[in-house]
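Here the structure is laid out as structure tokens; the discussion comes afterwards.
The values are calculated or read from the model by the stated rules, or taken from the named source; none is laboratory data. The model shown is predicted, which means the values in this text are computed figures rather than measured ones. Here the Cβ positions follow ideal geometry from the backbone for every residue, glycine too, while neighbour counts run over all protein chains shown. We work out accessible area using only protein heavy atoms, side chains counted, and drop any ligands, DNA or RNA first. Shrake-Rupley method; radii C 1.70, N 1.55, O 1.52, S 1.80 Å.
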Amino acid sequence: EPWPPLMIAWRGLERRLLARAGTVAVSSPAYAQASPALASFLSKVRTIPLGLDPERLPQPTAEATARARALWPEQELRVLAVGRLSHYKGYEVLLKALAQVPEAALVLAGEGEERAALERLLGELGLTGRVRLVGRVDDDLLTGLYAACDLFCLPSLNRAEAFGVVLLEAMHAGKPCLVTDIPGSGPAWVVRHGETGLVAPPGDAAALAKALKELAGEPDLRERLGAGGRRRFGEHFHIDALARQWRKAYGEAGGG
């Protein structure tokens, strides 16, 4: 099917802009390699990821952490997911995985168009006692959720999930992450398999369940992965590290 005229005009403008640029910044190497628009300009591409300033993140209070902890039932593995309840997030796959792992419970924070469908699936899978859809939460409770969970999960399905800033929040909190290896996207680069978390194929409930079982049975592994995530955050995603990379990129682009 031929492109509409507006898309043709945009592609032409995009190519001219890329040709004129001295440096092209992308948030992950995988995204650059999968971009048709960048295929002719990879020599000028630099990976500068998204990041966070820890000093601007609220600190978890004992009260918020206790309030958050009470949202999970007494299961061995407290799983947290945060994000818009949209199809591309893959939460229905996560629920199907949880149905195979009775030792795990989930708190899912966020709102969106898939909420009713997820609630129906909870009933069909018999998960209403182990999964809480808590909707939007304030910053205080969100920080408590990160502090109280054992594992953070981002089970997204496609490149609509380009990076996953929530992963940085979880890594800063010292929590291991379970993500999916989306072709041409960033989560499986942000999270290093076996170092800061585990990576599974997108849309594969059995693979997610296997990872959940492994993490549920090995608290020492969770602690090691969480510590690795906190180190990786400090080295690669701290705002100071990113500021240095941007200053270098601007210098290169300007010939300085």
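Remarks
- If the condition is being of a type in the set (A, V, I, L, M) and under 15 Å from residue 171 (Cβ atoms), then the range 216-240 contributes 225, 227, 239.
- Condition met for residue 151 (touching a helix residue (DSSP H, G or I) at 6+ places or on another chain (Cβ under 7 Å), open to solvent by less than 10 Å² (accessible area, probe 1.4 Å) and either farther than 12 Å from residue 82 by Cβ or in contact (Cβ under 8 Å) with a residue 12 or more places away in the chain (or both)): yes
- Enumeration of residues in the range 170-179 that are out of contact with any His (no Cβ under 9 Å at 6 or more places or on another chain) and surrounded by fewer than 20 Cβ atoms within 10 Å (Cβ to Cβ): 174
- Lone qualifier among 166, 134 - being in a helix (DSSP H, G or I), out of contact with any helix residue (DSSP H, G or I) (no Cβ under 7 Å at 6 or more places or on another chain) and closer than 21 Å to residue 64 by Cβ: 166
- Members of the range 210-228 that are over 13 Å from residue 149 (Cα atoms) and part of a helix (DSSP H, G or I): 210, 211, 212, 213, 214, 220, 221, 224, 225, 227, 228
- Subset of the range 30-59 (residues that are under 18 Å from the mean Cα position of the chain (by Cα), in contact (Cβ under 8 Å) with a residue 24 or more places away in the chain and closer than 21 Å to residue 251 by Cα): 48, 49, 50, 51
- When the range 156-169 is limited to residues that are open to solvent by less than 10 Å² (accessible area, probe 1.4 Å) and of a type in the set (Gly, Ala, Ser), the one that is nearest to residue 49 (Cα to Cα) turns out to be 164.
- Contact map, the range 70-99: residues that are farther than 18 Å from residue 170 by Cα paired with residues that are among the acidic types (Asp, Glu) and open to solvent by 20 Å² or more (accessible area, probe 1.4 Å), Cβ distance under 7 Å, separation 6+ or inter-chain. Pairs shown: 75/103; 76/103; 85/111; 85/113; 85/114; 86/113; 86/114; 87/114.
- Considering the range 180-205, and only residues there that are open to solvent by 60 Å² or more (accessible area, probe 1.4 Å) and either assigned to a loop (DSSP other than H, G, I, E, B) or in contact (Cβ under 8 Å) with a residue 60 or more places away in the chain (or both), the residue that is farthest from residue 153 (Cα to Cα) turns out to be 183.
- Where strands (runs of 3 or more DSSP E) fall wholly inside the range 1-120, the ranges with 1 or more residues that are open to solvent by 50 Å² or more (accessible area, probe 1.4 Å) are 45-47.
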